[in-house]
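Take a look at the structure set out below.
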Amino acid sequence: HVQVMESGGGLVQPGGSLRLSCAASGFSFSNYLMNWYRQTPGKERELVAYISGGGTSTYLDSVKGRFTASRDDAENTVYLQMNSLKPEDTAVYYCNVDIGLRRYWGQGTQVTVSS
């Protein structure tokens, strides 16, 4: 069955960096677009970045130039490199894949940017 699992969150100072990972299984990973979302309490989940099966990535305007999505199809893993982090990047970050009419989510990983 389909599973995605995030890791790599934590506490970082403003201006710092983190790399999130999302390990996937149960589907033909290389064929699917993978998404990174984030959510803060009381707000809608927002799409931060996505990366196609061919490796083309697209970003939320507020993270352009700071975040980079990548994927390793041999390892069935997608990454989100986050640089120059800001307090407003604080959120739970989720990995997502949509297969047919179903949306699959990980459990999320907390990213806190604070001094």
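The values are calculated or read from the model by the stated rules, or taken from the named source; none is laboratory data. Everything numeric here is computed off the predicted structure, so don't read it as measured data. Here the Cβ is made from the backbone with ideal geometry for all residues, glycine too, and neighbour counts use every protein chain on show. Remember, those area values only see protein heavy atoms, side chains included, never the ligands or the DNA or RNA. Shrake-Rupley method; radii C 1.70, N 1.55, O 1.52, S 1.80 Å.
Suppose R0 equals 30 Å. What FRET efficiency, 1/(1 + (r/R0)^6) with r the Cβ-Cβ distance, do Arg102 and Lys64 give to the nearest 0.05?
Values: r = 29 Å, r/R0 = 0.98.
E between Arg102 and Lys64, to the nearest 0.05, is 0.55.
What does the accessible area per residue of segment 1-94 come to in Å², with a 1.4 Å probe and no ligands, DNA or RNA counted?
Heavy-atom accessible area per residue stands at 51 Å².
Of all the accessible heavy-atom surface of the chain, with the other protein chains kept in place and a 1.4 Å probe, what percent is carbon and sulfur?
Values: 2880 of 6040 Å².
The value for the chain is 48 percent carbon and sulfur by accessible area.
What is the magnitude of the charge dipole of the chain about its Cα centre, with +1 placed on the Cβ of each Lys and Arg, -1 on the Cβ of each Asp and Glu, and no other charges, expressed in debye to the nearest 20?
It comes to approximately 140 debye.
What are the principal axis extents of the Cα atoms in segment 64-115, in Å, biggest first?
41, 21, 19
Once you mark the GluC sites (Glu not before Pro) that are in a DSSP loop and have at most 14 other Cβ atoms within 10 Å, what is the longest gap between them in the chain? Mind dumping the intermediate values first?
Numbers: sites that count: Glu44, Glu75.
That gives 1-43 as the longest site-free run.
Starting from a Cα-only point model with no solvent, please compute log10 I(q)/I(0) by Debye for the chain at q = 0.11, 0.22, 0.23 1/Å.
Each listed q corresponds, in turn, to -0.32, -1.24, -1.35.
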